[in-house]
Amino acid sequence: MSTSPPSAIVATGGSPRDEGLAWLHTLGHELVPAVPSLFTFNLPEDPIRELMGVVAPDVRLRIAGTKLESTGPLLITHWGLSGPAVLRLSAFGARDLHALGYHYTVQVDWLGEMNEHEARDRMHEESAAHPKRQLINSDAFALPARLWSFLLHRAGVPGEKPIGELGRKSLDRLLDVLTNDHYTASGKTTFKEEFVTAGGIALHQVDPLTLESRVAPGLHFAGEVLDIDGITGGFNFQAAWSTGWLAGKAATLI
Ligand SMILES: Cc1cc2nc3c(=O)[nH]c(=O)nc-3n(C[C@H](O)[C@H](O)[C@H](O)COP(=O)(O)OP(=O)(O)OC[C@H]3O[C@@H](n4cnc5c(N)ncnc54)[C@H](O)[C@@H]3O)c2cc1C
């Protein structure tokens, strides 16, 4: 007959409130405080929300006053900003954005990899090649037409103006909006979006090969109850499955 202690696996998922894992704390486990990850940025009352459904293919996002930055596609929604670039930023910045109370300034570079100098050259080329073309009809940066129209308006540049007649000050304003736009985020949204909890059982208290607790022998953990959270792309499922397999194997349940 086996003399090994009975095993159990805790796989109860992430708990948005620390109290949900209090019973594990009473067993001696350190809990990394829970904060949400993978959410969209709310821009209450901002007119950009009228562009819901528009995707900017390659933007660079920064959170003002922090080192948080991400690149990739951005989706404009009824609430504000979403898409891979935003979700990734919300994951890497989950704790910082929580600390800011979800009130912060999002800097948007709509041109992604192209810097302001290159964008200026691009506009000069466009002006030389099509001086009479109206700005609204320009495809200089391959942005979606509705977004381009919105950004021209935001820069105070009339769309019907011929590109060749765009003055220096107007061009400066347009380039500033294209490469250094600012939006005020207030709150977050998780509706229809992935939602993961960052935080949980501190990893240093868990053997990574068996997922067994170092403070409560025989107790294993799997999935989001652990202090593991990933970006979008199936990484959270993968973490749950991989830790579940390891914990199950170690606990000899499979
Ligand atoms: C809307 C949404 C979309 C998502 N999309 C993706 C995605 O596309 N890709 C990705 O990688 N991740 C995604 N995730 C995250 C992913 O679902 C989780 O990371 C993953 O399911 C975690 O698995 P888990 O088994 O640890 O916990 P869970 O899937 O949460 O399962 C825990 C289970 O334990 C049960 N439970 C809790 N407490 C108790 C208790 N005391 N007694 C008995 N049972 C209990 C719960 O009812 C639940 O069934 C998404 C999450 C949400 C909410």
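Read-outs: derived from the displayed coordinates by stated rules, not from any lab. Worth saying up front: this structure is predicted, and the values here are computed from it rather than measured. Here the Cβ positions follow ideal geometry from the backbone for every residue, glycine too, while neighbour counts run over all protein chains shown.
Between the helical axis of 235-250 and the longest alpha-carbon principal axis of the chain there is an angle of about 10 degrees. Which of rounded, prolate or oblate describes the stretch 132-254 when judged by the alpha-carbon gyration tensor and an a/c cut-off of 1.5? Cα axes put the stretch 132-254 in the prolate bin. Helix 116-129 versus the longest principal axis of the chain: what angle, 0 to 90°, nearest 10, using Cα atoms? Between the helix axis and the principal axis of the chain, the angle is about 40 degrees. If only the Cβ of Lys and Arg carry +1 and only the Cβ of Asp and Glu carry -1, the dipole of the chain around its Cα centre is close to 260 debye. Free of any GluC sites (Glu not before Pro) that DSSP assigns to a loop and that have at most 14 other C-beta atoms within 10 Å, the longest stretch within the chain is 161-254.
Calculate log10 I(q)/I(0) of the stretch 39-193 for q = 0.18 Å⁻¹, where I(q) comes from the Debye formula with a single equal point scatterer on each Cα and nothing for solvent. After summing over all Cα pairs, the log10 values are -1.03.
Between the stretch 5-76 and the stretch 150-214, the C-alpha centres lie 14 angstrom from each other.
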